Amino acid sequence: MSDTTTPRRRTKIVATLGPATDDYAILEKTLRAGVDVVRLNFSHGDITDQQHRVQMVRDIAKKIGHEVGILADLQGPKIRIARFKQGKVYLNAQATFILDASLAKDAGDEQQVGIDYAHLPKDVNAGNTLLLNDGRIVLQVTQVVDDKIHCIVIEGGELSNNKGINLAGGGLSAPALTDKDKHDLNIATALQVDYIAISFVRNAADIEQARALLKQAGSQAGIISKIERVEAIAHLDDIIRVSDAVMVARGDLGVEVGDPQLPGLQKRIIARARALNKAVITATQMMESMIENSIPTRAEVFDVANAVLDGTDAVMLSAETASGKNPDKVVAAMASICLGAEQEKNNGLYANHVDGLVENTGEAIAKATMYTANHLKVKGIIALTESGSTPLWMSRIRSGIPIYGLCEHADVRRRMMLYRGVYPLMFDPTQCDKSAIYSRAVATLSTHQLVHHGDVVVMTCGDLMGVVGGTNTMKILKVGEVA
């Protein structure tokens, strides 16, 4: 079996940027701690903030010699209450309360508050349950009269400005892409981000619309579907197929379906993404206590580790790095947890996918390569790639063997940073004769001290270099004996 004497973390880390990482030195420490992809949250900040953060990431990544992908997360429909005259109110259980789409935006009080989403009164009916502030406030709709939603407070508490609204069980008609999102998509394209996340996806059509807009803007960015609506679960496979990756967005999803259903859904989404050859991110409150504290709770350790054991490609940090006190320590702690979970011998709860038909030659070569590598004492797998597809297919199959995606295109290398167990390296196949391609590829790994004399590697490539989808060859090589 494979040599695992020097384990390397395979699960990737996505870290959200924000005020806490706007200092260059802090961001450098955070990236060095183990960030693979950074997230720009377009719900906050303006174009100047995002430009500054992108430039810093690119500069630091070049300085430390480490590829870092960039993900732009679009805000999606803003389904929120408006504002209160005093900034907040306290709602008592069994009190009446009105959500009024026609009320002035800052006129809220203990009896009523405005709402930003004007169509909400058309989406709800008497008997529906509305959940405010991540489910902390529970309202039951008693009647809807014109623009006013009359409710009774089931679970009360403090309610402040601009808190989110969810409809238990789903069913809100808000489109996934708002006018703001379309504007921000063009900004993200100009910033040359590697991934764009679409919020509150309902079905495959939402992603197809986003894809068309990206193509129109001239972007090659991958699309990540955030699974956070009940409606998305009913169309899960269709959404995954038209996406480049999916995100288990546990905040809003948990509010809509109920927290008891969330762990099972997380496992199902991860399993389906892997089965359909797509990457998957697990997100929301993974290390929440470390916004303030210097170490995680054991519950958080278990949460991160379980996502790793489920087979997630990446785990994500939000406020922990965007506004937390010690963003670099959070990343380091998460990296340590991921590595620890990966050492568990029975960590492969996801299938090897060795059965069934494959769609093309490249996928067949990828599966054959992983079967071979998993049954030899192999130090590494080399995949010469134009699009990153072959390393992605390889990463769907359980293995502790590092997959090195050798590619000349910087944007493809950055996208590969999201794939579990894949490590991209710069390699230009056009700079050497075809007869020397194997020796040059192995030499690239040797230069980075990733393999040594006598190590065995498995390599894939295509007969025609520089052609997307051309992988059709697998070869077993020994370092130092490559012709």
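The values are calculated or read from the model by the stated rules, or taken from the named source; none is laboratory data. Quick caveat: nothing in here was measured; it's all calculated off a predicted structure. Quick reminder, even Gly has a Cβ in these numbers, built from the backbone with ideal geometry, and neighbours come from all protein chains shown.
The lone criterion from (1) over 26 Å from residue 273 (Cα atoms); (2) in a helix (DSSP H, G or I) left unmet by residue 452 is number (2). The single condition among (1) closer than 30 Å to residue 47 by Cα; (2) more than 28 Å from the chain's Cα centre (by Cα) that residue 164 does not satisfy is (2).
Considering region 265-305, and only residues there that are under 15 Å from the mean Cα position of the chain (by Cα) and farther than 30 Å from residue 359 by Cβ, the residue that is surrounded by the fewest Cβ atoms within 10 Å (Cβ to Cβ) turns out to be 285.
The single condition from (1) in a helix (DSSP H, G or I); (2) within 12 Å of the chain's Cα centre (by Cα); (3) under 18 Å from residue 69 (Cβ atoms) that residue 214 fails is (2). Scanning region 38-59 for residues that are aliphatic (A, V, I, L, M), surrounded by 20 or more Cβ atoms within 10 Å (Cβ to Cβ), touching a helix residue (DSSP H, G or I) at 6+ places or on another chain (Cβ under 9 Å) and part of a helix (DSSP H, G or I) yields one hit, 57. Scanning region 217-249 for residues that are out of contact with any Asp or Glu (no Cβ under 9 Å at 6 or more places or on another chain) and in a loop (DSSP other than H, G, I, E, B), we see that the one that is nearest to residue 170 (Cα to Cα) is 235. Residue 254 fulfils the conditions (1) in contact with a Leu (Cβ under 9 Å, 6 or more places away or on another chain); (2) at pLDDT 95 or above; (3) in a helix (DSSP H, G or I) except for a single criterion, (2). Can you find a residue in region 418-435 that is acidic (Asp, Glu) and under 25 Å from the mean Cα position of the chain (by Cα)? The answer is no, given that none of the residues of region 418-435 is acidic (Asp, Glu) and under 25 Å from the mean Cα position of the chain (by Cα). On inspection, residue 321 fails the criterion of being surrounded by fewer than 21 Cβ atoms within 10 Å (Cβ to Cβ), assigned to a helix (DSSP H, G or I) and of a type in the set (Val, Ile, Thr). Checked against the criterion of being over 29 Å from residue 405 (Cα atoms), of a type in the set (Asp, Glu) and at pLDDT 95 or above, the candidates 22, 46 yield just one match: 22.
Scanning region 427-454 for residues that are hydrophobic (A, V, I, L, M, F, W, C) and closer than 21 Å to residue 9 by Cβ turns up 445, 450, 451. Give the residues of region 384-424 that are touching a Cys at 6+ places or on another chain (Cβ under 8 Å) and either assigned to a strand (DSSP E or B) or surrounded by fewer than 22 Cβ atoms within 10 Å (Cβ to Cβ) (or both), sorted by residue number. Within region 384-424, 384, 386, 424 meet the criteria.
All of 57, 89 fail the test of being under 24 Å from residue 405 (Cβ atoms) and in contact (Cβ under 8 Å) with a residue 40 or more places away in the chain, apart from 57. Among the residues examined, residue 205 does not qualify as modelled with pLDDT of 95 or more and crowded, with 17+ Cβ neighbours inside 10 Å. Within region 395-411, the set of residues being touching a strand residue (DSSP E or B) at 6+ places or on another chain (Cβ under 8 Å) and closer than 20 Å to residue 247 by Cα comprises just one member, 395.
One line per residue, one yes/no per condition, for (1) part of a strand (DSSP E or B); (2) outside the structural domain of residue 417 (by TED's automatic domain parsing); (3) in contact with a helix residue (DSSP H, G or I) (Cβ under 8 Å, 6 or more places away or on another chain); (4) not charged (D, E, K, R):
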| position | (1), (2), (3), (4) |
| --- | --- |
| 154 | yes, yes, no, yes |
| 159 | yes, yes, no, yes |
| 182 | no, yes, yes, no |
| 186 | no, yes, yes, yes |
| 189 | no, yes, yes, yes |
| 193 | no, yes, yes, yes |
| 197 | yes, yes, no, yes |
| 201 | no, yes, yes, yes |
